[in-house]
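Data first, discussion second: the structure below is written as structure tokens.
Each value in this text was obtained by applying a stated rule to the coordinates, not by laboratory testing. All values reported here derive from a predicted model rather than from experimental measurement. Every residue, glycine among them, receives a Cβ derived from its backbone with ideal geometry; neighbour counts consider all protein chains shown.
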Amino acid sequence: MPRTPQETFHELTERVAKLVAGDVDQPRELAGLYAENTHVSFPLAPDVEPLLTREALQEHFTAVASHVAGNITILRAEQVHVHATTESDLIIAEFLYTAETSGGTITAPNVFVMRVVDGEIVESRDYSASLS
Amino acid sequence: MSTTTATGHELFHSLVDGVRRLVAGDRSQVDRLAALYTEHAHVVYFGAPDEPLRGREELRAHFAKVPDRFAAPRYRGFRAENIQIHDTADPEVIVAEFAYVSDGDGADPPANLRCCFVIRVRNGQILETRDYVIGAL
């Protein structure tokens with residue numbers, strides 16, 4: 001049985017938390033949640049190009065790891081609310097990333113509109129409001 | 001007189017259509033827009049500096065400021081585009097992805113605000129919306 005869209009989303013946030021905690025295997029593991037040809041876009045960051053391949057996702061997560069290294073020690077997904085939709089492969093997940101930093105706790109609200117086919121993310125629009 | 005209540009899709013289209021007319025200067029939309037919400041509706045913005053709005057009166061006051069706030073020529077032709085509405089497993093909840101855009105005035109950049117609204121509808125009115133938007137218009 002492939003992962004359900006809900007399971008895929010939860011695995012994504014768990015692996016992102018491990019990535020931020022410094023687990024060097026996670027960029028590859030995270031990229032493996034996506035289809036070889038996928039479409040991940042960030043509508044609230046119009047200057048950021050969509051990510052279209054698993055390889056681009058792996059590079060993205062590697063860059064995230066180096067960006068947060070030394071800044072964010074713990075990242076958690078909280079207040080997670082996954083909406084199933086009338087399309088069985090499409091979910092909409094609302095959640096809050098809470099990050100512990102040297103300067104205190106910061107939070108970032110997110111809503112991901114995510115299509116998962118055969119346990120792989122084929123499309124995701126990640127509405128991520130900036131950390132505040 | 002019809003006894004059918006508005007669906008989430010109809011309410012969303014009434015909302016963005018009313019906002020389009022309001023930005024264009026039609027102040028009669030203020031009451032019409034406020035009436036789309038329940039008496040104690042709750043609107044929360046994520047990614048924008050705006051404070052949450054509680055209740056129809058706060059919403060009415062919010063909408064009343066819109067024509068002045070969006071009076072600049074760059075907001076000419078303000079409207080919602082690329083609307084995708086998702087029905088969720090909860091019959092009260094819809095999710096609308098869309099963009100607020102404008103034609104601009106040829107000098108300043110036009111509006112291009114990407115939005116994702118999670119809207120809970122009850123008895124034909126908006127009970128709650130969580131609006132994920134970018135910070136600046």
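Derived value for region A:25-79: Kirkwood hydrodynamic radius 12.4 Å. Basis is the mean of 1/r over every pair of different alpha-carbon atoms.
The alpha carbon radius of gyration of region B:1-73, expressed as a multiple of 2.2 N^0.38 Å, is 1.15.
Principal-axis analysis of the Cα atoms of chain B puts helix B:56-69 at an angle of about 20° to the longest axis. Per residue, the Cα convex hull of chain A amounts to 99 Å³.
Size estimate for region A:83-132 follows the Kirkwood approach: the inverse of mean 1/r over distinct Cα pairs works out to 12.2 Å. Within the listed set B:Ile126, B:Ile94, B:Ile83, the residue fluctuating most in the Gaussian network model of chain B (springs between alpha-carbon atoms under 10 angstrom) is B:Ile83.
For A:Thr53, nonlocal amide neighbours, meaning residues 5 or more places apart or on other chains whose placed amide H falls under 5 Å from its own, are A:Thr38. Only alpha carbons enter this Debye calculation for the protein assembly as shown, each as an equal point scatterer, and the log10 of I(q)/I(0) it gives at q = 0.09, 0.11, 0.15 Å⁻¹ is -0.46, -0.68, -1.15.
Exposure proxy for A:Glu55, A:Glu11: other Cβ atoms within 10 Å of each Cβ, ordered fewest to most, give A:Glu55, A:Glu11. Applying 1/(1 + (r/R0)^6) with r as the Cβ-Cβ distance of A:Asp23 and B:Ser28 and R0 = 51 angstrom yields a FRET efficiency of 0.30.
Within the P(r) computed for chain B, what percentage of the Cα pairs occupies the region above 24 Å? Result: 26 percent of Cα pairs exceed 24 Å. The dipole here belongs to chain B: it is taken about the Cα centre, uses +1 on the Cβ of Lys and Arg and -1 on the Cβ of Asp and Glu, and is about 260 debye. Residues B:Arg21, B:Arg122, arranged from fewest to most other Cβ atoms within 10 angstrom of their Cβ, appear as B:Arg122, B:Arg21. A crude spin-label estimate for the pair B:Arg60 and B:Asn112, with each label 7 Å from Cα along the Cβ direction, gives 3.8 nm.
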